[in-house]
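This report concerns only the one structure given below.
Throughout, read-outs are computed from the coordinates displayed, never taken from laboratory work. All values reported here derive from a predicted model rather than from experimental measurement. Cβ: placed from backbone, ideal geometry, glycine included. Neighbour counts: every protein chain shown.
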Amino acid sequence: MKPKFFSSLAVIIVLLVSPTGNATVITQTVTPLATLVTVPCAAVGAGEMVYLTGDVHAVFAVTYDANGGQHITTHINNVGVSGIGLITGNKYQATGGDSFVSNDGPGSEFTFVNNFGLTAPGPGNNLRFHELIHATLNANGELTADIVNITVDCG
């Protein structure tokens, strides 16, 4: 679901990255989404494909500090996304969103948090996906912290 979206995200961030003193550049985008996802718990555990459509809203902010550091903050929400189960016909509503924070230095660190959910009627048809990725690099570019935590469960 997200590879094409993350490519768009990368292009937008690159376009925003141009040192302009201490200014903050804020950009908002709405990206149409049309994709298939698997909900493994749906249909009494048999699982089903869900066709998701809608608009994903994103806000990007880039700030440069007096020392030449760059700070990027991104918030993405999936509130405008819903779908239909291809087996059950159940309506799914997307919830949650993503955040990305990057601080470059000397040294750098970034944190990405994804909380994505799909809610459908009936027991066991929901999906919760949580992803946390964090990395810190020192001024020499050496990795000093690396966290990856991914959980998926049925609600």
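The table below lists the values:
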| item | result |
| --- | --- |
| 0 to 90° range, to nearest 10: angle between helix 3-16 axis and the chain longest Cα axis | 20 degrees |
| GluC sites (Glu not before Pro) within segment 91-155, DSSP loop, no more than 14 other Cβ atoms inside 10 Å | GLU142 |
| For segment 43-155, alpha-carbon Rg and Dmax in angstrom | 18.3, 57 |
| Ranking of THR144, THR27 by count of other Cβ atoms within 10 Å, fewest first | THR144, THR27 |
| Computed [θ] at 222 nm, helices only, for the chain once each DSSP H run of length n ≥ 4 contributes -39500 (n - 2.57) | -3000 deg cm²/dmol |
